[in-house]
Amino acid sequence: MIRFRRSLPRLCGFALALLAGLAGAQDYRIGDLEVLAPWSQELPPSAPTAAAYFTVRNTGMADDYLLGVDSPVASEAQLHEHIGADGMMKMQQVEGVIIPAAGQVRFAPMGSHVMLLGLGDRSQLVDGASFPLTLHFQNAGDLQVQVQVFAQPPEGAGMHEHGG
Ligand SMILES: [Cu+2]
């Protein structure tokens, strides 16, 4: 009985580690910030743009700001937010995104996202591949993450769960 109870958490931890490994997306840290599971969805080669999503968690006591992004797969990378106006789906560029102290911001489909424009070589934009993305934070500095590309949004990718 006791042995069973003790072994249970260990098994769960192993299963979680296995799942995280299978998912392929990694977590990154710089200063007080964590960038969790950056991912992108594979799009048809004709798609003019691609998007990247992730969660930024701020474990510190001060607000930080995501001021910009860039990636070698795109000639330009912008921070976008979705605005639901009159049932229309629109998005617009934003100057920066606040990462509140002791809070988190989720970039997700239908919410804030990184928009990649001017795509060149698309070999890193297919299912199973990954590409570098550098995030420029005002306080924490620059952090390069690897964005994992999936054919379908991964489990828990956070549709409609954006915002702080
Ligand atoms: Cu966009």
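Before moving on, here are some points about what is shown:
- Contacts under 6 angstrom Cβ, first residue in segment 29-57 being within 16 Å of the ligand (Cβ to nearest atom), partner open to solvent by less than 10 Å² (accessible area, probe 1.4 Å) and of a type in the set (Ser, Thr, Tyr), 6 or more apart: Ala50/Ser40; Ala52/Ser40
- Verdict on Arg106 being among the basic types (Lys, Arg), within 17 Å of Asp142 (Cα to Cα) and assigned to a strand (DSSP E or B): no
- Condition check for Met159: open to solvent by 30 Å² or more (accessible area, probe 1.4 Å), away from the ligand (no atom under 14 Å from the Cβ) and either under 18 Å from Leu43 (Cβ atoms) or modelled with pLDDT of 95 or more (or both): yes
- Residue check, Asp86 away from the ligand (no atom under 16 Å from the Cβ), surrounded by fewer than 18 Cβ atoms within 10 Å (Cβ to Cβ) and over 14 Å from the mean Cα position of the chain (by Cα): yes
- Extreme residue, farthest from Leu67 (Cα to Cα), among residues of segment 93-104 that are within 14 Å of the ligand (Cβ to nearest atom) and surrounded by 11 or more Cβ atoms within 10 Å (Cβ to Cβ): Val94
- Residue within segment 61-70 that is touching a Ser or Thr at 6+ places or on another chain (Cβ under 9 Å), closer than 17 Å to Pro153 by Cβ and surrounded by 14 or more Cβ atoms within 10 Å (Cβ to Cβ) present: no
- Being within 16 Å of the ligand (Cβ to nearest atom) and among the aromatic types (Phe, Trp, Tyr) holds for only one residue in Phe131, Phe107, Phe137, Phe150, and it is Phe107.
- Filtering segment 10-20 for residues that are of a type outside the set (Gly, Ala, Ser), in contact with a strand residue (DSSP E or B) (Cβ under 7 Å, 6 or more places away or on another chain), modelled with pLDDT under 95 and open to solvent by 40 Å² or more (accessible area, probe 1.4 Å) leaves an empty set.
- Matching residues in segment 109-125 - criterion: being surrounded by 14 or more Cβ atoms within 10 Å (Cβ to Cβ) and either part of a loop (DSSP other than H, G, I, E, B) or of a type in the set (Gly, Ala, Ser) (or both): Pro109, Met110, Gly111, Ser112, Arg122, Gln124, Leu125
- Count - residues of segment 58-68 that are within 16 Å of the ligand (Cβ to nearest atom) and either of a type in the set (A, V, I, L, M) or farther than 18 Å from Asp142 by Cβ (or both): 1
The values are calculated or read from the model by the stated rules, or taken from the named source; none is laboratory data. In this text, all values refer to a predicted model and were calculated from it rather than measured experimentally. All Cβ positions, even for glycine, are placed from backbone atoms using ideal geometry, and neighbour counts span all protein chains on display. Heads up: the accessible areas ignore ligands, DNA and RNA and are worked out on the full protein's heavy atoms, side chains in. Shrake-Rupley method; radii C 1.70, N 1.55, O 1.52, S 1.80 Å.
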